[in-house]
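Take a look at the structure below.
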Amino acid sequence: MSSEATLFYAFAAIAVLSSLLVIGQRNPIYSVLLLIASFGALSGLYLLLDAPFAAVIQIIVYAGAIMVLFLFVVMLLNAPREETDEDLDREAHGETHPLLRPGPMRLGAALAVGLIVELVWALTKGGGESGQFPAGAVGSVGAIGRSLFSDYAFAFEVTSVLILVAMVGAVVLARREASPGPSEHP
Amino acid sequence: MVTLNHYLVLSAILFSIGTAGVFVRRNLITILLSIEIMLNAVNLSFVAFGRALGAADGQIIVFFVMTVAAAEAAVGLAIVICLFRLRESLNPESFVSLRW
């Protein structure tokens, strides 16, 4: 087995295991930290794919900024642990929607497993082409930058508007309302 | 030899894990994290397709997806903070006022 294949399987195992643990945790802080591990493994996979730009922004933007935002909110809200099934049964017996009771939620998990099986089957079945990657590196950071500011310049500018809207929206939503009417405080 | 199919299968597995997380978790923050897992699975297939086609456009799409994910996380977490102030709970079953 070549070293590339070894690295691929190592990173893939880390990504899948930590993602599984993310959804297997009841404590959101552990979930966020495990997701950072998963993103690190994905960054390694991007390096294997000759995509250094994606690998670096995966670490800087995702693991560095977005996950820290999640961690910040988890700690701000004092990380309430998720209620167990027994708590929910005692607390809201008969009031919960039928689709939200524990049994049907297991059905949702079963459907997700079905989705894995179908996707993997569909991807491995149609193996007509070898699917091998062409030789030679693609997508150096310089080429990406040139393309981003020429072909994709409009989308790039729209992105800045999107960020601005998201920022204003987050501030407006999370602001604490001191009084019911905005006219009360000038 | 690692081929495109390897990456696509890995991407499918990660996406399904994210889907399962949305179904089985009852914590708004963990549900948002599961959505991030799904976005990353799609990013992985974009980069793999870009490598297979020999073009840099895959990574540019990843850049835009990450921007949208950042905006989604910011607004989503602001909504979570609002909801937590309202009900002192992160359980989605606490927020049923709009339910028919």
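Couple of notes before you dig in:
- Whole-angstrom gap from the stretch A:138-161 to the stretch A:1-24, using each part's C-alpha centre: 31 Å
- Computed over Cα pairs, the Kirkwood radius of the stretch A:1-81 leads via Stokes-Einstein (0.692 mPa s, 37 °C) to a diffusion coefficient of 246 µm² per second.
- When B:Ser89, A:Ser38 are arranged by Cβ crowding within 10 Å, least crowded first, meaning fewest neighbours, the order is B:Ser89, A:Ser38.
- Remark: B:Leu98, A:Leu69 ranked as B:Leu98, A:Leu69, counting other beta-carbon atoms within 10 Å and listing the fewest first.
- Calculated FRET efficiency for the pair A:Leu173/B:Ser89, C-beta based, R₀ 22 Å, to 0.05: 0.80
- Once you reduce the stretch A:36-59 and the stretch B:56-100 to the center of their Cα atoms, the two points are 23 Å from each other.
- Likely footprinting exposure, B:Met38, B:Met66, fewest C-beta neighbours within 10 Å first: B:Met38, B:Met66
- With Cα atoms, 0 to 90° folded angle of helix B:4-24 axis to chain B main axis: 0 degrees
- Modelled spin labels at B:Ile79 and A:Ile163, positioned 7 Å past Cα toward Cβ, are 2.3 nm from each other.
Quick note: the coordinates plus some simple rules give every number you see, no bench work behind them. Since we're looking at a predicted model, the values are computed, not measured. Neighbour counts are summed over all protein chains in view; Cβ atoms, including those assigned to glycine, are modelled from backbone coordinates with ideal geometry.
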